[in-house]
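Notes for the one structure printed next.
Every number in this text was worked out from the coordinates using simple rules, so none of it is lab data. Keep in mind that what you see is a predicted model, and the values were worked out from it rather than measured. Heads up, the Cβs are rebuilt from the backbone with ideal geometry, glycines too, and the neighbour counts pull from every protein chain shown.
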Amino acid sequence: MRKEADGGRVLTPSLSPLAVCGAPRRILLLAGTSEARALAARLAQEGCDAVASLAGRTSAPAPLALPTRVGGFGGVEGLERYLSETGVTHVVDATHPFAAQMSGNARAACAALGVPLIAYARAPWRAEPGDRWIEVPDNAAAVAALGEAPRRVFLTIGRQGVADFRAAPQHDYVLRVIDAPDPNDLPPSCAVIAARGPFAREDEIALMRERRIDSVVSKNSGGALTYAKIEAARALGLPVVMIAPPARDGVTLAHDLDDVLAFLGS
């Protein structure tokens with residue numbers, strides 16, 4: 001396994017440049033979502049010269065159909081160096097909608113080098129009749145929205161940022177994550193459920209009833225994979241503190257795979 005100067009690991013060797021849409025393209029896919037997996041499969045099917053990159057924050061990520069590197073780039077400068085040294089011509093940011101640091105680094109590095117960048121993200125959820133959403137901009141606002149009175153909170157924000165909820169120790173939390181968090185980050189009363197979606201609506205309803213949940217905190221990540229918790233909260237009449245995704249200002253944004261392919265071929 002070859003080590004890179006920036007500390008990333010290359011799991012399979014890089015491909016030689018191929019012609020895509022009549023012109024040479026070398027694509028870097030910043031992955032970490034189901035949308036990225038679908039795009040990787042399509043790029044591989046089309047014979048594109050592309051490499052995927054994973055941050056390495058989950059212990060057993062789903063495999064991708066492209067050569068895959070794992071690990072950070074070393075900030076904006078490290079990403080600039082990687083793009084230059086590998087001859088990347090196009091970057092697709094298909095990271096998690098809340099991976100603000102990686103998205104910001106990609107935006108800055110691509111702008112500095114003049115490399116075309118497109119963000120490929122699932123559309124955020126929208127409130128429907130029966131939803132009781134309290135929409136907030138960040139974790140701190142979510143903590144405040146829970147109020148002072150003790151609640152039983154289903155916390156579905158992932159392990160990063162859970163420490164922010166230590167500021168509200170009066171609540172009993174049920175935290176669902178893919179990988180276990182640092183115990184020091186947990187609020188005093190916090191049960192941890194390790195599970196990976198998709199989840200079924202009826203199972204989510206059963207979980208919320210069993211745990212006597214009276215409030216849900218969720219990131220507005222969009223997509224179908226974890227939407228069942230929103231449906232369950234609606235069915236049970238529970239309030240959902242919904243954290244808005246970071247803005248992706250100044251970047252072309254696509255919600256459809258074909259739009260991404262059209263961008264790469266332009």
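Just to check, using Stokes-Einstein with a Kirkwood Rh over alpha carbon pairs, what's the diffusion coefficient of segment 132-243 at 10 °C and 1.306 mPa s in µm²/s? Before the final figure, lay out the partial values.
On the way: Rh = 13.8 Å.
D = 115 µm²/s.
Taking only Cα atoms of segment 178-233, what ratio of Rg to Rh do you get with Rh as the Kirkwood inverse-distance radius? Each step should come with its number before you reach the end.
Details: Rg = 12.2 Å, Rh = 12.6 Å.
In segment 178-233, Rg relative to Rh is 0.96.
Which number comes out as Rg/Rh for segment 74-183 once both Rg and the Kirkwood Rh are worked out on C-alpha atoms?
Across segment 74-183, the Cα-based Rg/Rh ratio is 1.09.
For segment 52-122, take the alpha-carbon Rg, divide it by the Kirkwood Rh, and send me Rg/Rh.
Numbers: Rg = 11.9 Å, Rh = 12.7 Å.
Reported Rg/Rh, Kirkwood definition of Rh: 0.93.
Under the rule of -39500 (n - 2.57) per DSSP H run of 4 or more residues, summed and divided by the residues of the chain, what mean residue ellipticity at 222 nm is obtained, to the nearest 500 deg cm²/dmol?
Using -39500 (n - 2.57) per qualifying helix, the result is -8000 deg cm²/dmol.
When the C-alpha atoms of the chain are aligned to their principal axes, what extent does each axis show, in angstrom, from largest down?
For the chain, the Cα extents along the three principal axes come out at 59, 38, 30 Å.
In what order do Ile205, Ile243 fall by count of nearby beta-carbon atoms within 10 Å, going from fewest to most?
Listing Ile205, Ile243 from fewest to most nearby Cβ atoms yields Ile205, Ile243.
What is the fewest-to-most order of Asp256, Asp185 by other Cβ atoms lying within 10 Å of their Cβ?
Listed from fewest to most nearby Cβ atoms, that is Asp256, Asp185.
What ranking of Asp203, Asp249 emerges when the number of other C-beta atoms within 10 Å of each C-beta is taken as an exposure proxy, fewest first?
Ascending Cβ contact count within 10 Å gives the list Asp249, Asp203.
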